[in-house]
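What follows draws every value from the coordinates through simple rules; no lab data is involved. Computed from a predicted structure; not experimentally measured. Methodologically, a virtual Cβ is constructed for each residue, glycine included, from the backbone with ideal geometry; neighbour enumeration extends over all protein chains shown.
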Amino acid sequence: MPEASSIDQTGHEAQPGLGAAEQVSLAGGAARLILTVTVNLLVLAEVFVAMYFAAQDMNTLTPVFFKVLFSLLVPTLAGAWVARRIISRRGGS
């Protein structure tokens, strides 16, 4: 049971300031947030590019759309996976 002096007014145990581990975790969380936003914007742009190329010829709309989209999407997702692993190894959560 925690000491009475370590309990705050709300009845919860008081938390000390951020230690080194928590600071690293927050830094990794920010990096992952930036990575997520960047990947989402890239995927959105890739969909637009694929739609543009597919609209050039209505007879081949679907095959061209998927060919362009997946040729752009696969490297983006692979790069995001590698970047996420690098961020995790550096101490992010």
State the number of residues belonging to segment 49-62 that are exposed (fewer than 11 other Cβ atoms within 10 Å of the Cβ) and assigned to a helix (DSSP H, G or I). 3
Members of segment 63-93 that are hydroxyl-bearing (Ser, Thr, Tyr) and either surrounded by 13 or more Cβ atoms within 10 Å (Cβ to Cβ) or assigned to a loop (DSSP other than H, G, I, E, B) (or both): Thr76, Ser88, Ser93
Need the failing condition index for Gly29 against (1) without any contact (Cβ under 8 Å) to a residue 12 or more places away in the chain; (2) under 15 Å from Ala83 (Cα atoms), just the number. (1)
